[in-house]
2 protein chains.
Amino acid sequence: MDTRLLRTLQVLARTGSFTATATELHVVQSTVTTHIKLLERHLGARLFDRLPSGAKPTEAGERVLAAAQEVLAAEQRLLDTVQGTPAVAGDVRLGAPESMCAYRLPTIIADLALRWPGVTVHLTPVGTRRALDAVHDGGLDLALVLEDDPPSTTLDATPVGSERIDLVAAPNHPDTGRYFLLEEGCSYTDRFARDLADAHPTRFGSIEAARSCVVAGLGLSVLPRVSVADQLADGTLRCVAELPESTLFLVTDPRRTASAAVRVACQALKALSD
Amino acid sequence: MDTRLLRTLQVLARTGSFTATATELHVVQSTVTTHIKLLERHLGARLFDRLPSGAKPTEAGERVLAAAQEVLAAEQRLLDTVQGTPAVAGDVRLGAPESMCAYRLPTIIADLALRWPGVTVHLTPVGTRRALDAVHDGGLDLALVLEDDPPSTTLDATPVGSERIDLVAAPNHPDTGRYFLLEEGCSYTDRFARDLADAHPTRFGSIEAARSCVVAGLGLSVLPRVSVADQLADGTLRCVAELPESTLFLVTDPRRTASAAVRVACQALKALSD
DNA sequence: ACCCACTATCGATAACATCGATCCATGGAC
DNA sequence: GTCCATGGATCGATGTTATCGATAGTGGGT
């Protein structure tokens, strides 16, 4: 059923005139006749008495008219629904490297929660590979990945910052030949590990754990500078070499329409580069 | 807006598949695509993400979907409205000759009120001419008129009984040459008055008044037998002559659709002939 | 690397809504 | 009483559009 028919019904009930209704709706009079006749045939009841004094709703017409008001009101609410600014509320599932989770994202997420009380961010530490998979299949709304180049997938990846990577050791400790690296899935660690000839690095799932080993003089590690900045400043650690800078990409799935909550989260994360 | 689009939206949200939706709605898949695209263009928002795993409503889609449920529910109520038996309730404006008002209709209307508690009958004593005019311009829903022939108007007149008309006088009183007749507008009285050569009859608006004068031996009157049946039986009055029988017509306006209340009143009145 | 399932697109066709003109009924004026 | 004006119903023509059927393109699974 076309709601225009109901609109014609409504106007005709108000004006009582087919001609006036046609004028008001910018159609010709025969169209109004057709509309009402269609409704009457579809509903199987006469809706108006055509009297010389004007069209007057029948008993059935009065009832249909009341119901039509409801339908049109519901339709109007539907239109308003899409017009009105959607409430910025809901969950945002964000994946990020552990270094980001620990050192940069907490303040960003705290600010976000302050500005948008309805938004809840669920932060998951996750490496590049699993992050891309999760964004792809909907397990995550957003992901931050630390890579040299944009990942070659169907996903969107926009650079939002960069991360210095340092090869660090304890001061006054010679190179023991032992390495304490992060788990696989961390791109810069993996790249470094491939370049290590036959060494068998110890792998940790925690930045804190790897760093502690290095601080204790047990060996070397490859860590984002942000995670060792304090130690480099107070001399607890020293930078043996600077590895190539990695770029931080914000990854989204272009096939998925971002909710308002996800959009504000995106915006906040893109401000990382400032 | 066509509500079929909303139905398509609804089914697609449930099935998540354009093809399955098409099958369920007995259309081809491209039609479903067109429907959703029309909605999205009309509303100016993407409603579904087309993912390999199926179509999933966006945030806007979820809100539109909820609103669409309301619209479809309202439309369903509209359809139900016209299907459901209308409540037999409301006013019935009935006009009738004074004789009917006084002697026959009271029991009929009382029965009606008993059978249909929601129906209120407004009974007005009215002559043929004014009755026809009132039915014609909507002042009355129904009218009973006492005539020899169906009135030649655009109105419907169905015979529902007949009325014996008597020329009555008091027993043992000679014809004084004086007549106590009802007011103009009473057809049988008017016809009788035309046949009276030069006599100047007294006109009363009340049957009771005219009859009382006759009982008192002041002259003659022309009255429906039902109004003098008691007096004829106990000898208070005698029948001088029987005038031609008049037919009682139930008059309605065919251009007006009768409400349920009017219809039950009509049925009750047509049972007069039994 | 191939195949399969699914959706978007496009051209053709048929259906339908709208229009414009005309007919008809009614009511009022002269 | 006849005439005229008003307003709705009807009908044929026309333009739009919804639907179909076929095809291309995409991504996933084997």
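Could you pull out every residue, at least 5 positions away or on a different chain, whose amide H is within less than 5 Å of the one on A:Arg93? Hs are placed 1.01 Å off N in the peptide plane, and Pro or chain starts have none.
A:His122, A:Asp141, A:Leu142
Go through A:Thr107, A:Thr8 and list them by solvent-accessible area, largest first, probe radius 1.4 Å.
From most exposed to least exposed: A:Thr107, A:Thr8.
What are the ³J(HN,Hα) values, in whole Hz, obtained from phi via the Karplus relation 6.51 cos²θ - 1.76 cosθ + 1.60 with θ = phi - 60°, for each residue of segment A:136-147 in sequence order, with x given for Gly and Pro?
Whole-Hz 3J(HN,Hα) from phi for segment A:136-147: 5, 9, x, x, 10, 7, 9, 8, 9, 10, 9, 9.
Tabulate in residue order the Karplus-calculated ³J(HN,Hα) for segment B:212-227, using 6.51 cos²θ - 1.76 cosθ + 1.60 with θ = phi - 60°, rounded to whole Hz; enter x for Gly and Pro.
For segment B:212-227, the Karplus curve yields 4, 5, 5, 4, 6, x, 7, x, 10, 8, 10, 9, x, 4, 4, 8 Hz.
Please compute the volume of the convex hull spanned by the alpha-carbon atoms of segment B:165-264 and report it per residue in Å³. Mind showing how you got there, number by number?
Details: hull volume 13.1 nm³, N = 100.
Per residue, the Cα convex hull of segment B:165-264 comes to 131 Å³.
For the protein assembly as shown, what percent of Cα pairs sit more than 47 Å apart?
For the protein assembly as shown, the share of Cα pairs beyond 47 Å comes to 51 percent.
Take the Cβ-Cβ distance between B:His173 and B:Thr34 as r, set R0 to 56 Å, and report the resulting FRET efficiency rounded to the nearest 0.05.
0.05
Distance from the Cα centre of segment A:249-266 to that of segment B:94-135, in angstrom?
Computed from Cα coordinates, the inter-centre distance equals 74 Å.
With Cβ to Cβ distances under 9 Å as the rule, what net charge do the other residues near A:Val226 carry (K, R +1; D, E -1)?
Surrounding charge for A:Val226 is +2.
Collect residues whose amide H, placed 1.01 Å from N in the peptide plane, falls under 5 Å from the amide H of A:Ala55; neighbours closer than 5 in sequence don't count.
Those lying under 5 Å, H to H, from A:Ala55 are A:Ser17, A:Phe18.
Arrange the peptides B:60-70, B:83-93, A:138-148 so that the one whose residues have, on average, the most other Cβ atoms within 10 Å appears first.
A:138-148, B:60-70, B:83-93
Go through segment A:123-132 residue by residue and turn each phi into a ³J(HN,Hα) via Karplus (6.51, -1.76, 1.60, θ = phi - 60°); whole Hz please, and just put x for glycine and proline.
9, 10, x, 7, x, 4, 4, 5, 4, 4
What number, in percent, do you get for the relative contact order of chain A if the mean sequence gap of Cα pairs under 8 Å and at least 6 apart is divided by its residue count? Mind showing how you got there, number by number?
On the way: 440 pairs, mean separation 54.3, N = 274.
Relative contact order, chain A: 20 percent.
Counting Lys +1, Arg +1, Asp -1, Glu -1, what net charge surrounds A:Glu40 among other residues with beta carbon under 13 Å of its beta carbon?
+3
Taking only protein heavy atoms into account and a 1.4 Å probe, give the accessible area per residue of the protein assembly as shown in Å². Walk me through the numbers on the way to the answer.
Working: 26670 Å² over 548 residues.
Accessible surface, normalised per residue, equals 49 Å².
With all protein chains present and a 1.4 Å probe, how do B:Leu123, A:Leu223 order by accessible area, largest first?
Largest accessible area first, the list is B:Leu123, A:Leu223.
Can you send over the solvent-accessible area of A:His42, 1.4 Å probe, protein chains only, in Å² to the nearest 10?
Rounded to the nearest 10, the figure is 120 Å².
Residues in segment A:238-253, backbone N under 17 Å from the label point at A:Ala199 (7 Å along the Cα-to-beta-carbon vector): list them, ranges by number please.
Residues A:238-244 qualify, since their backbone N sits under 17 Å from the label point.
Mind checking how much accessible area A and B bury in total, 1.4 Å probe, in Å² rounded to 100?
3100
Which whole number gives the average, over all residues in A:71-80, of C-beta atoms from other chains lying within 10 Å of the residue C-beta?
Details: counts 10, 2, 3, 10, 9, 2, 4, 12, 5, 1.
Across A:71-80, the average partner-chain Cβ count within 10 Å equals 6.
Expressed as cubic angstrom per residue, what is the convex hull volume of the alpha carbon set of chain B?
Taking the convex hull of the Cα positions in chain B, it is 177 Å³ per residue.
In peptide A:47-54, how many Cβ atoms from other protein chains are near each Cβ within 10 Å, on average?
Rounded to a whole number, the mean comes out at 3.
Going by amide H atoms built from the backbone, whose H comes under 5 Å of the H on B:Phe48, apart from near neighbours?
B:Thr58
Please state the relative contact order of segment A:163-245 as a whole percent: Cα pairs under 8 Å, 6+ residues apart?
Once divided by the residue count of segment A:163-245, the mean separation gives 52 percent.
Mind giving me the nanometre distance, one decimal, between the label points for A:Lys270 and B:His26, set 7 Å out from Cα along Cα→Cβ?
Here the modelled spin labels are 4.9 nm apart.
The values are calculated or read from the model by the stated rules, or taken from the named source; none is laboratory data. From a predicted model like this one, the values you see are computed outputs, not experimental measurements. When we count neighbours, we look across all protein chains shown, and the Cβ atoms used for this are built from the backbone with ideal geometry, even at glycine. Surface accessibility is based on the protein's heavy atoms, side chains included, excluding ligands, DNA and RNA. Shrake-Rupley method; radii C 1.70, N 1.55, O 1.52, S 1.80 Å.
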